[in-house]
Amino acid sequence: MSASDEGNAAAAGYTPHPYVGGRTAALRALAAWRMRWPGAPRVIVVTGNPGSGRSRLVTGFLMMCDRRYRKRLPLGGMDPATVPPDLPPPAAPNPSGRTADQLLWLIADHFGLSADRGAEIFPELAAREEPVTVVVPDVDRAGPVRAADEPARLVRDVLKPLAATETVQLLADVPRELAAELAGALPTGQAQIIDLDAPEWADPQGLVLHAETALAPEAGAPELPFTTDPAVRRELAEALARRADGNRLTLQLAVQSLLLQPEGFDPADASLLPGSVGEALDLHARRLGADPQTLRLLLAPLAFAEGDGLPVQLWGPLTQAVAGRDMSQDLTDGLLLLTAPFVQSFIQPVEQAGDADEGAASGAEAGAPVGRTLMRLQHPGLAEEIRSGLPDVRDAQTKIAMALLEAVPQQDWSRADPYIRDHLAAHTLDAGLLPQLLTDPGLFAHADPVVMRAAIEAVPLDQLGAPARTYLRTAPLLTRSQVPVGMRAAFLETAFVEDGLAPYAEALHTLSFALPWRTLWSVPLTGVRAVTTGSLPQEGGDGTAPDADGTGAGADREGPAPASGTAAPRPVAAFAVPEGTPGSRTVPGTDGGISGGGGTALLVHDLLRPGYVDADPAHMRLPSEEAKASAAFRFSQGADSLRVWTRTGQEVVAALLSDSPLTGADLSPDGVLVVATARGVTARQILAPAPPLTPTVPAQRTGAADSDTSGGLGGAPS
């Protein structure tokens, strides 16, 4: 197969693919791959320069693999060798904006795999009797943070293991610098690289057809001398294709430029036809009497934009920041005709712009359209060209980051534009300033955890401060649970206490969050298998007062209120720990004990503040039945989740999700929740009832029955 196949297909009278408009040789190779033709490779890697059309090729091929689209395509008139068989559509996970891990789990979900960890997915695919087909387009658009280089991680952690799995038939569209790495890892004959810029895969006739179609009035072009006359239109299309040298983006930008502003364009003047993306920018500016550098400065903020695009209200301020001078007149004069061929705008629904409970600056008022306008460049290759033309990319990103920070009203993240909250970390990462930003607990809570996590993970660990390391430890829980901002703040508040960063936890209580709890203390303690709450009498001040009969009260006894004139009992929690744990004491087993008669080791800790209590746990009293009945809350516990409910209603006032299994939990009558995990024990004071906040708990994590307070260290509900 070679470029000559394009001419042969045209000579045979075949109808070109209406979306691809050519690429016969490449489509034949993909069709042979899809039908597993003898000699066809198991893995195909499509690559090329930015703007070469590889995304369009893969999209057009997927149309023919989808029965819904096949009905709309003229398959009967197309070259039969380019049409794949009518099979169930392949898995085609979209990596745009996603991390490598997210894409891997999309694949696992598509095939209904039972894996609990990412490393188990590839062996499970390898064990399947029937081969599976996976198509991964647009690898260059992977990742929520551009500077984090997620495409390379996706190739290394997902595509290479997929390609090495014999039961997987893989087609991937990857940047040129990663193509050889992916294909080179396989034995000879198993992989093929289709480089759309190489002569054997070139498509000069398809490029001419693309230009000729775009110039036709039937396609929406204005009626001009070079669009209405078929001969002139054909001649111009051929000239544009020759100058573009196979690059579809260059040709597309040239056509859009001359159609939007035809004045000053002479189709016979070859000097007005661009040979690259950069020339398309410069020629358009000069034809409109503008400085090409002004056009590039106007587009620079969009070239650095993250996510779906830049809010239109931020475009002007960021342009001024990058330019370092007053650009107001240039913005007034140039935002329409000068930038139009290179920019897309669309309305982003409010529900996609950030957390609904934020009241963020969306610009929407009563009766206004539901959504906000985002701006972005036509193609990533255009953004790459603009960035490469700046004298100092890091300086430009620094100016953008500072301007975004200044746009936060009174540094209140709840009032910041969602774009600033979610993507400031990405801009500061590219500027080399991210570690300095990672000290604000309010930003940690408000920012999209997927984006924030990806940005922080791109920084070497030794450059991160303690708050950033706490966030990084907590990030998997935040991304897994998908909870709203209030619960993100609650999870982070506990994490800061666990890591000894109490001022950061306290700072979250001073912000606008209605936190469901206040974390009182946390101890890093492994091996805890049960917890309970109770109290110690304080007669004598040492917490070791005997009962009236001279014997200890026992950890499962419900004691009476202290006698008049004695100190109030001291609230405490007891942990069941392995014998020999420093500071623990062994309590002999009883009929209702937990140790089978052999006793158990207990540690006693103050319930309301940090610090162990040096007291005999045998003197600990459990809450009375009357105290339990009058308690404001009850709780239900699952394997790694716990919910606190109002006792008289069905309202959830706190929802806890742990990154490790729960090994014990108890809720004191006055609302102190003590929870043990493999990491340690943490106490939280449940605050006034808040609106229901229920995180998404994965289906494989099933919960246990509802509990009130525990029935002692045995863990059985009372």
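The values are calculated or read from the model by the stated rules, or taken from the named source; none is laboratory data. Everything numeric here is computed off the predicted structure, so don't read it as measured data. So basically every Cβ, Gly included, is an ideal-geometry build from the backbone, and we count neighbours across all protein chains shown. Areas reflect the complete protein model, heavy atoms only, side chains present, ligands, DNA and RNA absent. Shrake-Rupley method; radii C 1.70, N 1.55, O 1.52, S 1.80 Å.
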**Report entry** Longest to shortest principal axis, alpha-carbon extents of the range 183-236, angstrom
**Finding:** 55, 19, 11
Report summary line: chymotrypsin sites (Phe, Trp or Tyr not before Pro) in the range 384-465 lying in a DSSP loop, each with at most 12 other Cβ atoms within 10 Å of its Cβ, come to none
Query raised in the report: Against the longest alpha carbon principal axis of the chain, how many degrees, from 0 to 90 and to the nearest 10, is the axis of helix 230-244 turned?
Result: 60
Report task. Calculate the translational D of the range 190-310 in whole µm² s⁻¹ from Stokes-Einstein, where the hydrodynamic radius comes from the Kirkwood formula applied to all Cα pairs, the temperature is 10 °C and the viscosity 1.306 mPa s. Result -> 102
Query raised in the report: Per residue, what accessible area does the range 295-340 have, given a 1.4 Å probe and all protein chains present, in Å²?
Result: 37
Report summary line: Projected onto their principal axes, the Cα atoms of the range 91-176 stretch, largest extent first, over whole-Å spans of 39, 26, 18
Query raised in the report: Mind checking Rg over Rh on the range 1-138, alpha carbons, Kirkwood formula for Rh?
Result: 1.00
Requested in this report: Report the accessible area of Val393, computed with a 1.4 Å probe over the heavy atoms of all protein chains in place, in Å² rounded to the nearest 10.
Outcome: 50
Requested in this report: Counting other Cβ atoms within 10 Å, keep those with at most 15, restrict to DSSP loop, and tell me which GluC sites (Glu not before Pro) in the range 83-153 are left.
Outcome: Glu129
Query raised in the report: Can you give the accessible area of Tyr69, probe radius 1.4 Å, in Å² rounded to 10?
Result: 90
Query raised in the report: Given 10 Å bins starting at zero, what is the percent of C-alpha pairs of the range 50-119 in each, up to the one with the largest pair distance?
Result: 16, 37, 30, 15, 2
**Report entry** Computed E for Ala127/Leu461 - FRET, C-beta separation, R0 30 angstrom, nearest 0.05
**Finding:** 0.25
Report task. Write down the accessible area per residue of the range 415-460 in Å², having rolled a 1.4 Å probe over the full set of protein chains. Result -> 23
**Report entry** Helix-derived mean residue ellipticity, 222 nm - over the chain, DSSP H n ≥ 4, -39500 (n - 2.57), to 500
**Finding:** -10500 deg cm²/dmol
Report summary line: In degrees rounded to 10, the 0-90 angle between helix 312-323 Cα long axis and the longest Cα principal axis of the chain is 80
Report task. Express in whole angstrom the spacing between the alpha-carbon centres of the range 156-234 and the range 43-106. Result -> 11
Query raised in the report: Along the three principal axes, how long is the chain when you take its alpha carbons, biggest first, rounded to the nearest angstrom?
Result: 113, 64, 46
Report task. Run the 1.4 Å probe and let me know the accessible area of Ile347, rounded to the nearest 10 Å². Result -> 100
Query - Long-range tail of P(r) for the range 210-249 (Cα pairs > 12 Å, %) - result: 53
Query raised in the report: Of the heavy-atom accessible surface of the chain (probe 1.4 angstrom), what whole percent is carbon and sulfur?
Result: 52
Report summary line: Over the range 1-124, with neighbouring protein chains present, the accessible area per residue in Å² at probe 1.4 Å is 45
